[in-house]
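To start, the structure itself, in structure tokens.
The values are calculated or read from the model by the stated rules, or taken from the named source; none is laboratory data. Everything numeric here is computed off the predicted structure, so don't read it as measured data. Neighbour counts run over all protein chains shown; Cβ positions are idealised from the backbone, glycine included.
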């Protein structure tokens, strides 16, 4: 609903705007304004309505700005981008890019959205995606299929934390839980979803097409879950990071690091990963669709596989849900 997104542009200052004013400015009826407000609320936008005063956001929003984001990218990175879309709403940024893949074009395409109506997590889980509060980013790239994809998600998580560290000192407890969760203690702050697509004409050349989805909670105030299974950067860092500035710096570093991964694999990122490893020295439980077992975490290998010692035997795992066992 385009009117809704034009209204949010006017409300982002968190001041009151009357329905009459909005209707006149947008050349629509009052009923259209009311329906647009209802739609925005359905996307997770918190809007106050006061008789005789109008509508107001409960807090200001920094809306995504394509030009501001692009200004943070180096000339070299910008030349590698085929498509760069910033959307007000989309079902899923990953699905959007998967449907837009243009084989044979420049190596990268980007999609950011203010909200997702069908945001995806691992194993079919839903990623809660309220409007204008977090970062929902997907990147398409084509890579050498020889590299291990499990190590790829770890390198991406490392890149995200290095980008955050460029803004402030990371608090103790903020790190990575294998294979792709950004955590603060036991609360999730972000996640990575990698989806692949093959082009039969390029399979023989060892080329794989990948869409990397990143969800990062910036400010989930008003959406706090009762079970505290997730948190946000505002709560963890004690400050609000500018979404446009952060998105630009993250994309710039991601595309640079993607090239390094394609050339050298996870081995290039291994020492950085060790800094952020939240499972170090922990007893863990690993769940897969076929089994559940406990053991001593023994790190990861250079392919990004999890190493766990179970009953004296060392196992290397490429997938599974991991939880820390507390005595």
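Things to note:
- When the stretch 304-320 is filtered for residues that are modelled with pLDDT of 85 or more and surrounded by fewer than 16 Cβ atoms within 10 Å (Cβ to Cβ), the ones remaining, listed by number, are 309, 310, 311, 312, 313, 314, 315, 316.
- Hits in the stretch 149-194 (condition: in a loop (DSSP other than H, G, I, E, B) and under 15 Å from the mean Cα position of the chain (by Cα)): 179, 180
- Within the stretch 162-178, tally of residues that are touching a strand residue (DSSP E or B) at 6+ places or on another chain (Cβ under 7 Å) and over 15 Å from residue 232 (Cβ atoms): 4
- Where strands (runs of 3 or more DSSP E) sit wholly within the stretch 1-118, those with at least 2 residues that are under 24 Å from the mean Cα position of the chain (by Cα) occupy 81-87, 108-113.
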